[in-house]
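**Q** Structure below; questions to follow.
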Amino acid sequence: MTKFNIAIDGPAGAGKSTVARMVAGELGFIYVDTGAMYRAVTWKALQDGIDPGDAPGVTRTASAMQISLVPGKDGQQVFVNGQDVSVPIRSKTVTDHVSQIAAIPEVRELLVNLQKQMAASKGVVMDGRDIGTHVLPDAEVKVYLTASVRKRAERRFEEVRGAGAVTTLDDMERDIARRDRLDEGREASPLVQAKDAILLDSTNMTVPEVVEYILELGRSRTGGEHQ
Ligand code: CDP
Ligand code: CDP
């Protein structure tokens, strides 16, 4: 089977990681969650007492740490210097600071180099904010997945409520909108739809519908090999 790469970008809560993982599973491809890598750097910087606004300090942390992504039965596990940080990188503190750290150009350069290496032999589904525009500009399939900010907040709210977190839907919507603004407004590789990406609004779509849509795109781009 011919291997190819799929780039999925878009704002928080659009469904990127959920559908990317499922698409990768269907195709037998590797799933790479690049947001987890920015979260890992953020977690480590906070852990080491580095101010997220101290760009040289955060860059030193990022260049000295080892990040590994390991596919597991419950999704992808994330390790920093051998320690499993899959849970703490999803904390509210990390979420609140990650976009500030992801705006540091030197941090992006380090992580983008790693991401390019991960996709070098193809057969990768990668999700993030700059995959179609910067990391894998030659990806055979590019999707810009979005949904209304209210819908995205509702999805995230359901997740954290299930996990017992205390927040309101309005707070969640505010946090997501703030992160969207930071990600779209930064100088270095802002969140933007690649010119050759397909825009997919999942506001009224189920997860299986989005997965099927992307698989169909893959089939059409590769001459229908993936049935
Ligand atoms: O899952 P969620 O949408 O909350 O975010 P994520 O994919 O885990 O990404 C967390 C943050 O990392 C984003 O809000 C961006 O600031 C940053 N990020 C980025 O700048 N570039 C990427 N390729 C992936 C994530
Ligand atoms: O990775 P991203 O931040 O774009 O979103 P996600 O973490 O994959 O999805 C957030 C939540 O929305 C998950 O619980 C998904 O199951 C859910 N979702 C949904 O209900 N309907 C969709 N069409 C897509 C995602």
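**Q** Hey, what angle do you get for helix 207-221 against the long axis of the chain, alpha-carbon based, 0 to 90 degrees rounded to 10?
**A** 60
**Q** Ignoring any ligand, DNA or RNA, what whole percent of the accessible area of the stretch 12-143 comes from carbon and sulfur when the probe is 1.4 angstrom?
**A** 52
**Q** Which entries in the list K44/K195; K3/K92; K44/K122; K16/K44 go over 32 Å, if you measure between the two C-alpha atoms of each?
**A** In this structure, K44/K195; K3/K92 lie more than 32 Å apart at Cα.
**Q** Between helix 16-27 and the chain, what is the angle of the helix's C-alpha long axis to the longest principal axis, kept within 0 to 90° and rounded to the nearest 10?
**A** For 16-27 against the chain, the angle is about 40 degrees.
**Q** Search the structure for amide H atoms under 5 Å from the amide H of I30, placed 1.01 Å from N in the peptide plane, and list their residues when 5 or more places away or on another chain.
**A** V124, V125
**Q** Next question. Pairing the Cα long axis of helix 34-47 with the longest principal axis of the chain, what angle in degrees results, from 0 to 90 and rounded to the nearest 10?
**A** On a 0 to 90 degree scale, this one is about 10.
The values are calculated or read from the model by the stated rules, or taken from the named source; none is laboratory data. Here the structure is a predicted model, which is why all the values come from computation and not from measurement. Ligands, DNA and RNA are stripped out before the accessible areas are found, and what is left, the full protein with its side chains, is counted by its heavy atoms. Shrake-Rupley method; radii C 1.70, N 1.55, O 1.52, S 1.80 Å.
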